[in-house]
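K.L.:
Handing you this structure, nothing more for now.
The values are calculated or read from the model by the stated rules, or taken from the named source; none is laboratory data. All values reported here derive from a predicted model rather than from experimental measurement. In this analysis, Cβ positions are derived from the backbone assuming ideal geometry, glycine residues included, and neighbour counts consider all displayed protein chains. Keep in mind that these areas ignore ligands, DNA and RNA; they rest on the heavy atoms of the full protein, side chains included. Shrake-Rupley method; radii C 1.70, N 1.55, O 1.52, S 1.80 Å.
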Amino acid sequence: MRDDNKFSLRHIVVTLVCAIIGILCICSGNSLVSNVGSVLLVSGIYTVIDNMYLKKSLIELIIQKVRLDKEIDDTGLIKVDSTLTNIGYKEYYENAQSYIDIIHNYARTWTTNNFDFIRDTVMNKECKLRVVLLNPESPFIPALEAHYGYAEGHLVELNNEVTDKWKSLYRDVEEKREACLKKKSSTYKNKHCGSVELYYFNGQPTNSIYRIDDKIIVVNAKNSKEKSVYLPYTIFQDNGEKGLYHIYLKEIETIINEAKKVELVEDNNNADK
């Protein structure tokens, strides 16, 4: 603080000296000396403004930016955008190694667009897949159908279509696992495969949440009926317990604990019959 006061006092003294000399030069009557005096006077005033206001404001702006950057780093935020097509789902799912969690209402179009990428990963890596869909018996189903203008039962049909896709993946994974255990795996490139779990949730998810290993994608829900690719979304990476990644991961675990697990084994046995 003392150094700052000395610095400011020094500039004030220099400015006053320049101003006094400048005024004396202007009053000298000599045009050349008068011009020099004008330069000294203007320079002195600019020096005060520059050092006392402009530089101080710049320093404060830099400090705010540094603090903001730190706050962003602390949250683990790595991307904010408003166009869903900019999310690189293909790359994320192809590079997934251990965990994939998917939580949304039914998202038939999303599932169709990304199913193959997820299937390839779960079929060839020891990657655990957990999918949470809206329960077809949820009390939110009729309200959502009315909101989107769907005929009664249409949303359940869409949900069942998506459910069947994940059931088929479960059967394929278990078929490969069984074949590999019996050493009948010549048709498979490797003996690795993951697992598939499907859950029905009675609540109404306010966001769609997608976890891929150490990253989580959160897509905001749209309140209006209009369908659009312009939706805000954020991507967080795991940067420690204080980051938002773990907040959303806890939310995922809570939803799964509250959800009803779909017994795929029974469905698979029924399908064989």
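K.L.:
Quick one: Karplus J couplings for region 229-244, per residue in order, coefficients 6.51, -1.76, 1.60, θ = phi - 60°, nearest Hz, x for Gly and Pro?
P.N.:
Residue by residue, region 229-244 yields 7, 8, 9, x, 8, 10, 10, 10, 10, 6, 10, x, 4, 7, x, 6 Hz.
K.L.:
Another question, if that's okay. Over region 194-251, with the other protein chains present, what is the accessible area per residue in square angstrom, probe 1.4 angstrom?
P.N.:
52
K.L.:
For a Förster distance of 22 Å, can you work out the FRET efficiency between the beta-carbons of ASN86 and ASP120, rounded to the nearest 0.05?
P.N.:
With a Förster radius of 22 Å, E is 0.50.
K.L.:
Another one. Please give, to one decimal in nm, the separation of the simple spin-label points placed at THR109 and GLU174, each 7 Å out from Cα toward the Cβ.
P.N.:
3.3
K.L.:
Take region 115-191, drop everything but the C-alpha atoms, weight them equally and run the Debye formula without solvent; then report log10 I(q)/I(0) at 0.12 Å⁻¹ to two decimals.
P.N.:
-0.49
K.L.:
Computing the accessible area with a 1.4 Å probe over protein heavy atoms, can you report the carbon and sulfur percentage for region 79-134?
P.N.:
Here carbon and sulfur together make up 44 percent of the probe-accessible area.
K.L.:
OK, next. Give me log10 I(q)/I(0) at q = 0.09, 0.12 Å⁻¹ for region 83-219, Debye formula, one equal scatterer per alpha-carbon, no solvent.
P.N.:
-0.30, -0.51
K.L.:
Starting from the Cα of GLN97, move 7 Å in the Cα-to-Cβ direction to define the label point; list residues of region 216-256 whose amide nitrogen is under 20 Å from there.
P.N.:
Residues 216-217, 236-241, 245-246, 249 fall inside that zone.
K.L.:
Next question, about the same structure. Can you work out the accessible area per residue across region 66-177, with the rest of the protein chains kept in place, probe 1.4 Å, in square angstrom?
P.N.:
On a per-residue basis, region 66-177 sits at 51 Å².
K.L.:
Can I ask one more? Exceeding 31 Å between C-alpha atoms, which entries from my cross-link table qualify? They are LYS222/LYS242; LYS165/LYS222; LYS128/LYS242; LYS79/LYS191.
P.N.:
With Cα atoms farther than 31 Å apart: LYS79/LYS191.
K.L.:
While we're on this one: Across region 246-251, in residue order, what do the Karplus-derived ³J(HN,Hα) couplings come to in whole Hz, using 6.51 cos²θ - 1.76 cosθ + 1.60 with θ = phi - 60° and x for Gly and Pro?
P.N.:
Running phi through 6.51 cos²θ - 1.76 cosθ + 1.60 with θ = phi - 60° gives 6, 5, 6, 5, 5, 4 Hz.
K.L.:
Grab the beta carbon distance between ILE78 and SER224, set R0 = 35 Å, and tell me the FRET efficiency rounded to 0.05.
P.N.:
0.80
K.L.:
Report the net charge of residues surrounding SER195, where surrounding means a beta-carbon distance below 10 angstrom and charges are Lys +1, Arg +1, Asp -1, Glu -1.
P.N.:
Here the count lands on 0.
K.L.:
Under the rule of at least 5 residues apart or a separate chain, name every residue whose amide H is placed under 5 Å from the amide H of LYS125.
P.N.:
Answer set, sorted by chain and number: GLY194.
K.L.:
How much length would be gained if the chain were fully extended between ASP213 and LYS182, taking 0.36 nm per residue of separation minus their Cα-Cα distance, in nm to one decimal?
P.N.:
Computed gain between ASP213 and LYS182 is 8.1 nm.
K.L.:
Here's a follow-up. In whole percent, and with a 1.4 Å probe on the protein chains, what portion of the accessible area of region 140-240 is carbon and sulfur?
P.N.:
C and S atoms contribute 49 percent here.
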